[in-house]
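Please read the structure below before turning to the comments.
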Amino acid sequence: MSGLHSFAFTDINAFHTALQNGQTTCVEAVLFYTNAIAEHAHLNAFLEVYADEALARAQQLDEAAANGVLTGPLHGVVVGLKDVIAYKGHTLTASSKMLGQFESVYHATATQKLLDAGAIIIGRQNCDEFAMGSSNENSAFGPVRNAADTERVSGGSSGGSAVAVQANLCMISLGSDTGGSVRQPADFCGVVGIKPSYGRVSRYGLIAYASSFDQIGIFSKTVADAALVLEVIAGPDAYDSTVSQQPVQPYSQAVASAVANTTSDSQSNPKTYKLAYFKEALHHPSLDPAIQTQTLAYIAKLEAAGHTVDPISFGLLDYVVPTYYVLTTAEASSNLSRYDGVRFGHRTNKTSIDLTEMYKASRSEGFGPEVKRRILLGTFVLSEGFYDAYFTKAQQVRQLLKQQTDTIFSQYDAILSPTVPAPAFKIGEKSDDPIEMFLADIYTVYPNLVGIPAISIPLFTHPNGMPFGLQLMTRSFDEMTLLQLSAQLMELKP
Ligand code: GLN
């Protein structure tokens, strides 16, 4: 067995080869990561670490694979879970005081599938309260720090999950993405982050924010790892009626062949794609000039490599953020009504008050300011007299967006855009300006509004030293193209 600090993780495949060659063990992996988490406690990525049970599971896995045969596709893979994904017998709080010490009584389907595939769950990761935010500053347990510059935000809402992969605190994280919460922190932290199509992965056991938008997503170092994990967690589930019956395709195998075709010594030519980008997105006033320049230069490079990249017009771009915030706050106000101080979670200590006062006090004490703002906004847009002006109108825009999206994908394989208009900002810099924070979601909310899959791949470095990504989107349930194209582009460095 090699020394603890020599453990290095490049991807799941390499880890499995090392396991089979006897160069490492699952126990060694767990010891390495629990040690790394402790050494990086200042990043605040984990709210809880399951050190002992992860070690016990690693021992079992090592014993089970003593003959060199691994127990499943994710044998020994060390995974962190965003604090919105249920893990039976473990605390689940959505980084909110509202849930207190609530303990999950069942596994999320994604958690169950990870465990069935041989994964080791290492801990629970910090996030924005109830997944509402873009900087992880809305957590009741403090912000997560970006490992590339600890004065800067991790992004959000899955900030802890992104930083955990960025800083080598686990191999893979699962997060959730309602309007960018996987892709935006992936962009800020320089890792891969994928949001599958709506209905690709079961939402059973995922704490609901806006149910018609929410999807579980994956953080990884490589596209190949994201493909393998998606293959494991995707697919039909009797516990979620919105999940698709469409069979899961062999994503990881397809990615491996895309990479093989792309590397220089290959005989066959890499596949060329028909790509589009929105002119309004690449020329948006909010877009950071360095991100614009580097993205446009990369587009020229893609064309030189034989891909078609057409600028197309998308007049609805400035409507996506308002539409998203009307619809998601409406859904959130309904979803969060269950936190009433009666059934579970926080209940006020105040006595001698009536039922309504008890609800009010419990909710006022339990929820943080951003969650309150969204419940109020959502209740407002759903209220009599405003319903048609806001909620119905936003539904109509969503429908229009879907129609335009279908038209685009009848002509193109994929759409590309920056993931976020600017790189990770300083902690505290935007906390007083919620509108500014909302507007920065301009590129990430669109895929959730129309249900298509989207990924952020870490291609670029800003002149200020921070990483940033490229977002790719394909038609619904075409994760195959999304992942193959991403793997190919990861080989085509800017
Ligand atoms: N930043 C967006 C919001 O605050 C996205 C959140 C998410 O995807 N969970 O709503």
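The values are calculated or read from the model by the stated rules, or taken from the named source; none is laboratory data. This structure is a prediction, so every number in the text was calculated from the model and none was measured. Ideal geometry is used to build each Cβ from the backbone, glycine not excepted, and the neighbour counts take in all protein chains shown.
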Requested in this report: Taking PHE219 as meeting all but one of (1) of a type outside the set (Asp, Glu); (2) crowded, with 24+ Cβ neighbours inside 10 Å; (3) within 13 Å of the ligand (Cβ to nearest atom), write down the number of the exception.
Outcome: (3)
**Report entry** Residue, modelled with the lowest pLDDT, within the range 251-265, restricted to residues that are farther than 14 Å from ALA305 by Cβ and out of contact with any helix residue (DSSP H, G or I) (no Cβ under 6 Å at 6 or more places or on another chain)
**Finding:** ASP265
Requested in this report: Tell me, please, whether a residue that is within 20 Å of GLY159 (Cα to Cα), not in a loop (DSSP other than H, G, I, E, B) and not polar (S, T, N, Q) can be found in the range 48-62.
Outcome: yes
Query raised in the report: Has the range 465-482 got any residue that is under 22 Å from TYR325 (Cα atoms), within 14 Å of the ligand (Cβ to nearest atom), in a loop (DSSP other than H, G, I, E, B) and touching a Pro at 6+ places or on another chain (Cβ under 7 Å)?
Result: no
**Report entry** Selection within the range 13-28 - within 16 Å of ILE122 (Cα to Cα), in a helix (DSSP H, G or I) and either β-branched (Val, Ile, Thr) or in contact (Cβ under 8 Å) with a residue 60 or more places away in the chain (or both)
**Finding:** CYS26, VAL27
Requested in this report: For the range 338-360, enumerate the residues that are polar (S, T, N, Q) and buried (at least 17 other Cβ atoms within 10 Å of the Cβ).
Outcome: THR348
Requested in this report: Would you check if ILE85 is of a type outside the set (Ser, Thr, Tyr) and more than 21 Å from ASN35 (Cβ to Cβ)?
Outcome: yes
Report task. Specify which of the listed residues (ARG475, ARG398) is under 28 Å from TYR298 (Cα atoms) and among the basic types (Lys, Arg). Result -> ARG475
Query raised in the report: Residues of the range 430-447 being in a helix (DSSP H, G or I), among the hydrophobic types (A, V, I, L, M, F, W, C), at pLDDT 95 or above and more than 8 Å from the ligand (Cβ to nearest atom), which ones?
Result: none
Query raised in the report: Is there a residue in the range 87-107 that is free of Cβ contacts under 8 Å to residues at least 12 places away in the same chain and out of contact with any Leu (no Cβ under 6 Å at 6 or more places or on another chain)?
Result: yes
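Quick grid of which residues meet (1) within 16 Å of the ligand (Cβ to nearest atom); (2) crowded, with 24+ Cβ neighbours inside 10 Å:
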| residue | (1), (2) |
| --- | --- |
| GLU151 | no, no |
| ALA167 | no, no |
| VAL201 | yes, yes |
| ALA208 | yes, no |
| SER212 | yes, no |
| VAL223 | no, yes |
| ALA226 | no, yes |
| GLU231 | no, no |
| TYR239 | no, no |
Report task. Considering only residues that are out of contact with any helix residue (DSSP H, G or I) (no Cβ under 6 Å at 6 or more places or on another chain) and at negative phi, look in the range 370-385 and name the one that is surrounded by the most Cβ atoms within 10 Å (Cβ to Cβ). Result -> GLU370
